[in-house]
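Novice: Structure below; questions to follow.
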């Protein structure tokens, strides 16, 4: 099938199909300046770009069939030293911002 027909079959614009072809993501046959795509080439491209369902999605999607995975540190798992280091880092950043604003060298746009 022609490039226009293949683009219609894949439900995309011809320029996008051309970019995909130039990137080597889809096979083609060439006759002079014309490009042709067989149904097998299109089926292979579709197979490679299709995401397969994952059986363990309930952890990340929050479905009712599985527990929801929590992100970050669990309550009480941050050590006192790490808390103190975080506080000192925040104080350093804020004091640097205060000095910049006093000197008129702030990086924020007006």
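The values are calculated or read from the model by the stated rules, or taken from the named source; none is laboratory data. If you're wondering where the values come from, they're calculated on a predicted model, not measured in any experiment. With ideal geometry, Cβ positions are generated from the backbone for all residues, glycine too; neighbour counts draw on all protein chains shown.
Novice: Filter segment 28-48 down to residues that are within 15 Å of residue 9 (Cα to Cα) and under 30 Å from the mean Cα position of the chain (by Cα), then give me how many there are.
Specialist: The qualifying residues number 11.
Novice: Moving to a separate point now. Criterion first (closer than 30 Å to residue 5 by Cβ, part of a helix (DSSP H, G or I) and modelled with pLDDT of 70 or more) does residue 42 satisfy it?
Specialist: For residue 42, the condition - closer than 30 Å to residue 5 by Cβ, part of a helix (DSSP H, G or I) and modelled with pLDDT of 70 or more - is met.
Novice: Oh, and also: Return the residues of segment 3-27 that are in a loop (DSSP other than H, G, I, E, B) and surrounded by 16 or more Cβ atoms within 10 Å (Cβ to Cβ); say none if nothing qualifies.
Specialist: Listed by number, the residues that qualify are 10, 26.
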